[in-house]
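The values are calculated or read from the model by the stated rules, or taken from the named source; none is laboratory data. These figures come from a predicted structure and were not determined experimentally. With ideal geometry, Cβ positions are generated from the backbone for all residues, glycine too; neighbour counts draw on all protein chains shown.
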Amino acid sequence: MGHVSLKSLNKFYGDLEVIPNLDLEIPEGSFTVLVGPSGCGKSTILRLIAGLEEVTKGEILIDGNDVTYLEPSQRKIAMVFQSYALYPHMTVAENIGFGLTLAKLPKNDIRKRVLEAAKILQLEDLLERKPKALSGGQRQRVAIGRAITRNPKVFLFDEPLSNLDASLRGQMRVELTELHSQIKATMIYVTHDQVEAMTMADQIVVLNEGNIEQVGNPMELYEFPQTLFVARFIGSPKMNIFQGKVAAKYQCQTLGVRPEHMEISHDGGILKGSIRHIEKLGADTLIYSQISGYDTVTARIIGKLEMNIGDPINLKFSDNHVHRFNDGIRIDS
Amino acid sequence: MPVHKMVGLALRYLLLIWIAMIFIFPILFMVVSSLKPDLQLLMDSSSLRAFLPVGDISFNNYTSAFDRAPIFFFIFNSVMITGITIVCSLFLCSLSAFSFVFLTWKGKGVVFAIILATFIVPFETIAIPLLLIVNNLPWIGLEGFKTSWINSYHVQIIPFIADALTIFLFVQYFRDLPKDLVEASRIDGATWFQVYRRVIIPLSGPIVATAAILKFLMMYNNQLLWPIMVVQEETYRPVMLGLQYFFQLNTQWGEIMAYLTIITIPVLLFYLVLQKAFIASIASTGIKG
Ligand SMILES: Nc1ncnc2c1ncn2[C@@H]1O[C@H](COP(=O)(O)OP(=O)(O)O)[C@@H](O)[C@H]1O
Ligand SMILES: [Mg+2]
């Protein structure tokens, strides 16, 4: 239950074309993350699926049914907003049960389903509170609870963790992933944070200016980025990009090498420069070096490093780990 | 406290007291005068005694005012006309503001601009055309079918239900409410009316109270020109027209002051009640926070 198809989707806001032409299949039960820089149209796609915006052209199917022109409430979807959008004048229980109240379910059934959701999300003790008496993480849970009670085929999340602090965000990532394996509905999750995408998704859709750059599971995107955009966007620290002589040596316009594939060379590598900055993370060390003729090059070295800022450094990489691009598109050898 | 600060504070208080007096003295004058016989009232009015309850103080003016005019009857009319207008106005104006802010429909901007434009048209300009219209409008009420609205309550109510200011106040307030709430409730399955009734209005306490107070003042205090034009029968006349009773052969100033004092009481009551509701609603919804 919950297969979503977007067919030739097109969306204008006035004269501004935000989504030129988008085709996407979201398998049922998947955790699909739409990721891309801010302003690339992620929220728009989500709101089109939710029915909060009208499509300009194209179709939206859920489980084969055309829902393009249905009301949001009839699409069997639920949405969690970035702002949580809790009703300030209702208690937590009323917030979670609002959809059921509107559907005129018997009071006992509502109570039961609210309690079920509250139990999953550990909100039992907070049911009589108003939203303003909750912490950010608790509000987040209430918003998710409200989605759960609707028993939707598809959950839509629009940057739900961006208002939380870093440690809570890590915890909620785990909780959301667990929730997904527990209730097995399709989840479509929007974020600009590639770490969230990598850690939570089983399918990632990378977007750039309303177009899909690549669809795949996290490791596919990491190991075989099909475009330069994806190569730059996925992975932290970012992939090193070389043009000119270094790229020419590999018969391409642009060459990408991930920081963990850079090595310090003691017999004179092709990249000579000096160390600008060092980050000691414990298990490994990040070296940012200024290489003549290029931008800063990042290298991730396992273990500790006995070098200092300003020291000269030579870097190399092995041929097995290079990504080659012509005109922004991957060329496979 | 340093001297210059104390002087500054003193000046500030003096200014505030002065402003307060400007507002209080007319009311004080009214109440004090209502307790004096006419002769003394006129003599005192040239000195500060005008503001002091001194001399021959009594409630005589009140008893004779009640004898002269059916005061409760006028108050009943005014409160009823004002009350019904406020309730209908709050409902209709907030509903139309809701549609301006949250719904999409063709020509919305133009219609809103036209409504705002009516702001600058004074009532006096449209009074005559309006009179011609209501004079020929049919009505079916408790007394059966009538061919004109003249001499009725509704002729004093219906033309005043919708007004640009109230709509504008609601539009401004609704625009500041988080749009997400509306979208969330649409996803939860609320109809547009349910969004209005169960989400937007419960969060609109402060603006409902504000709009109600403004509307009350607009209505209660201004029932003068229009009622003279459209209501000849005393049965339907509001408090302001009751003043006529006191301007016959010789003007009874003391009784007029007594009458004015009495008809001010509903205003104060209304204001106090709404002020409480206003503060309570801000405290309970707490949208910001
Ligand atoms: N209601 C709207 N009216 C006009 N332009 C909009 C509207 N909503 C979004 N946009 C524009 O559409 C583009 C995509 O927005 P959005 O989908 O919110 O991006 P994202 O969520 O990826 O940051 C942006 O350029 C934004 O300014
Ligand atoms: Mg967004």
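Quick look at the numbers
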quantity: Number of positions in the range A:132-146 that are closer than 15 Å to residue A:93 by Cβ, part of a helix (DSSP H, G or I) and more than 9 Å from every other protein chain (Cβ to nearest Cβ); calculated: 7
quantity: Pair list, Cβ < 6 Å and 6+ apart or interchain, from the range A:41-59 residues that are within 13 Å of chain B (Cβ to nearest Cβ) and at positive phi to residues that are in a helix (DSSP H, G or I) and near ligand 2 (Cβ under 10 Å from one of its atoms); calculated: none
quantity: Condition check for residue A:174: of a type in the set (Val, Ile, Thr) and either under 24 Å from residue B:189 (Cβ atoms) or touching a residue at least 24 places away in the same chain (Cβ under 8 Å) (or both); calculated: no
quantity: Which numbered condition residue A:100 fails, given (1) more than 29 Å from the chain's Cα centre (by Cα); (2) within 12 Å of chain B (Cβ to nearest Cβ); (3) surrounded by fewer than 21 Cβ atoms within 10 Å (Cβ to Cβ); calculated: (3)
quantity: Residue match in the range A:63-85 (condition: among the aliphatic types (A, V, I, L, M), within 14 Å of another protein chain (Cβ to nearest Cβ) and more than 26 Å from residue B:177 (Cβ to Cβ)); calculated: yes
quantity: Matching residues, the range B:174-187, being within 14 Å of chain A (Cβ to nearest Cβ), assigned to a helix (DSSP H, G or I) and of a type in the set (A, V, I, L, M, F, W, C); calculated: B:181, B:182, B:184, B:187
quantity: Scope the range B:188-206; condition in a helix (DSSP H, G or I), among the hydrophobic types (A, V, I, L, M, F, W, C) and without any contact (Cβ under 8 Å) to a residue 40 or more places away in the chain; matching residues; calculated: B:193, B:199
quantity: Selection count, the range B:240-289, where residues are of a type in the set (A, V, I, L, M, F, W, C), modelled with pLDDT under 85 and within 28 Å of residue B:37 (Cα to Cα); calculated: 2
quantity: Filtered residues of the range A:294-318 (kept if modelled with pLDDT under 90 and either in contact with a Phe, Trp or Tyr (Cβ under 8 Å, 6 or more places away or on another chain) or assigned by TED's automatic domain parsing to the domain that holds residue A:228 (or both)); calculated: A:294, A:296
quantity: Within the range A:23-40, tally of residues that are buried (at least 22 other Cβ atoms within 10 Å of the Cβ) and within 12 Å of ligand 1 (Cβ to nearest atom); calculated: 3
quantity: Residue B:72 vs. criteria modelled with pLDDT of 90 or more and within 30 Å of residue B:154 (Cα to Cα); calculated: yes
quantity: Looking only at the range A:160-182, and only at residues there that are surrounded by fewer than 15 Cβ atoms within 10 Å (Cβ to Cβ) and hydrophobic (A, V, I, L, M, F, W, C), the one that is farthest from ligand 2 (Cβ to nearest atom); calculated: A:174
quantity: Matching residues in the range A:10-19 - criterion: being more than 14 Å from chain B (Cβ to nearest Cβ) and within 16 Å of ligand 2 (Cβ to nearest atom); calculated: A:11, A:16, A:18, A:19
quantity: Within the range B:158-187, considering residues that are among the hydrophobic types (A, V, I, L, M, F, W, C) and within 22 Å of residue A:100 (Cβ to Cβ), the one surrounded by the most Cβ atoms within 10 Å (Cβ to Cβ); calculated: B:184
quantity: Condition met for residue A:120 (more than 14 Å from chain B (Cβ to nearest Cβ) and in contact (Cβ under 8 Å) with a residue 40 or more places away in the chain); calculated: yes
quantity: Single unsatisfied condition, residue A:91 versus (1) within 16 Å of ligand 2 (Cβ to nearest atom); (2) touching an Asp or Glu at 6+ places or on another chain (Cβ under 9 Å); calculated: (1)
quantity: Counted residues, the range A:20-72 - those being among the hydroxyl-bearing types (Ser, Thr, Tyr), within 16 Å of ligand 2 (Cβ to nearest atom) and more than 18 Å from the chain's Cα centre (by Cα); calculated: 0
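Conditions (1) of a type in the set (Lys, Arg); (2) out of contact with any helix residue (DSSP H, G or I) (no Cβ under 9 Å at 6 or more places or on another chain), marked per residue:
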| residue | (1), (2) |
| --- | --- |
| A:159 | no, no |
| A:166 | no, yes |
| A:169 | yes, no |
| A:175 | no, no |
| A:178 | no, yes |
| A:181 | no, yes |
| A:184 | yes, yes |
| A:187 | no, no |
